[in-house]
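Below: one structure, written as structure tokens.
The values are calculated or read from the model by the stated rules, or taken from the named source; none is laboratory data. Small disclaimer: the values here were computed from a predicted structure and weren't measured. Please note: Cβ atoms are built from the backbone with ideal geometry, for glycine as well, and neighbour counts cover all protein chains shown.
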Amino acid sequence: FADKYLENQHWVITAGPTREPIDPVRYISNHSSGKMGYAIARAALSAGAKVTLISGPVALEAPIGCQLIQVTSADEMHQAALAQATDCTTFVACAAVADYKVANIASEKIKKTNDAMQLALVKNHDIVADVAQLKDKPFVVGFAAETQDVEHYARGKLMRKNLDLIAANDVAKENQGFNSNDNALTVFSSIDKTEIPLANKQQVAKQLVALINQHYQQKHKV
Ligand code: C5P
């Protein structure tokens with residue numbers, strides 16, 4: 001069936017934020033809702049793909065039919081992603097991974113005895129870049145949330161992280177992107193770009209999934 005055009009594909013999708021522990025009761029995180037990643041998972045499922053959704057903590061229901069792997073920190077997401085990525089056709093990195101983690105996580109709750117304190121941070125692994133370095137790498141799609149020079153920064157990430165496609169959203173614009181129900185994307189490959197106009201995230205996801213598959217088929221054409 002034409003509407004089940006992803007029937008023989010396995011998609012692994014990362015979604016949501018990560019939480020970086022500070023001590024047993026505190027963490028560093030961000031406002032990612034996970035909506036875009038979950039919408040992509042639903043769209044890929046309805047096109048017939050097998051879907052593994054690696055998700056940070058979000059308030060969303062798992063799409064019916066997907067394998068949901070729940071993680072908390074970037075290190076956990078990194079481990080799950082690399083384990084799943086060896087066995088998939090397409091990897092979509094939609095998660096808002098924390099750039100840094102706490103260098104020394106306190107084993108006991110930190111007391112407020114000092115007037116000032118400093119937290120040392122170290123960089124997290126770049127999950128999508130590591131997946132794109134795998135010997136048998138899947139078709140790899142990243143996201144870029146930019147507030148300025150969208151094309152310049154998105155193309156930079158496409159090259160630097162060895163991605164096949166990058167979907168950029170202009171987070172400086174109102175009513176789209178982070179935490180909103182709507183989104184608009186510009187999708188870059190090394191040779192072209194495609195606009196997906198402002199619509200609700202489920203409609204955007206449907207178009208993005210079809211576009212990813214077009215590029216995937218193009219790449220694997222004999
Ligand atoms: O470099 P930047 O964070 O802007 O890149 C965004 C893209 O990289 C997204 O696809 C995001 O999911 C992915 N990423 C990742 N691991 C990180 C940081 C970003 O997979 N540690």
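Miscellaneous remarks
Conditions (1) closer than 28 Å to Ala210 by Cβ; (2) in contact with an Asp or Glu (Cβ under 6 Å, 6 or more places away or on another chain); (3) without any contact (Cβ under 8 Å) to a residue 12 or more places away in the chain; (4) assigned to a strand (DSSP E or B), marked per residue:
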{"site": "Pro21", "(1), (2), (3), (4)": "no, no, no, yes"}
{"site": "Ser32", "(1), (2), (3), (4)": "yes, no, no, no"}
{"site": "Val58", "(1), (2), (3), (4)": "yes, no, no, no"}
{"site": "Ile69", "(1), (2), (3), (4)": "yes, no, no, yes"}
{"site": "Gln84", "(1), (2), (3), (4)": "yes, no, no, no"}
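- Hey, Ala210 on the phi < 0 side of the Ramachandran plot, crowded, with 19+ Cβ neighbours inside 10 Å and small (Gly, Ala, Ser) or not: no
Residue by residue, here is whether (1) under 19 Å from Val97 (Cβ atoms); (2) out of contact with any His (no Cβ under 9 Å at 6 or more places or on another chain); (3) at pLDDT 95 or above; (4) part of a loop (DSSP other than H, G, I, E, B) holds:
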| site | (1), (2), (3), (4) |
| --- | --- |
| Val141 | yes, no, yes, no |
| Tyr153 | yes, yes, yes, no |
| Gly156 | yes, yes, yes, no |
| Ala167 | yes, yes, yes, no |
| Gly177 | yes, yes, no, yes |
| Glu195 | no, yes, yes, no |
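- Among the criteria (1) touching a residue at least 24 places away in the same chain (Cβ under 8 Å); (2) surrounded by fewer than 12 Cβ atoms within 10 Å (Cβ to Cβ); (3) of a type in the set (Ser, Thr, Tyr); (4) over 20 Å from Ile28 (Cβ atoms), the one Thr113 does not fulfil is (1).
- Every pair of residues 6+ apart whose Cβ atoms lie under 6 Å, when the first sits in the range 88-104 and is closer than 15 Å to Asp130 by Cβ and in a strand (DSSP E or B) while the second is of a type outside the set (A, V, I, L, M, F, W, C) and within 10 Å of the ligand (Cβ to nearest atom): Ala93/Thr14; Ala93/Gly142
- Residue within the range 132-146 that is more than 20 Å from Thr14 (Cα to Cα), in contact with a Ser or Thr (Cβ under 8 Å, 6 or more places away or on another chain) and surrounded by fewer than 16 Cβ atoms within 10 Å (Cβ to Cβ) present: no
- Where Leu6 falls short, out of the listed (1) modelled with pLDDT under 95; (2) more than 17 Å from Asn179 (Cβ to Cβ); (3) of a type outside the set (Asp, Glu): (1)
- Checking each residue of the range 35-45 against the condition of being aromatic (Phe, Trp, Tyr) and either loosely packed, with under 15 Cβ neighbours inside 10 Å or over 18 Å from the mean Cα position of the chain (by Cα) (or both) gives no match.
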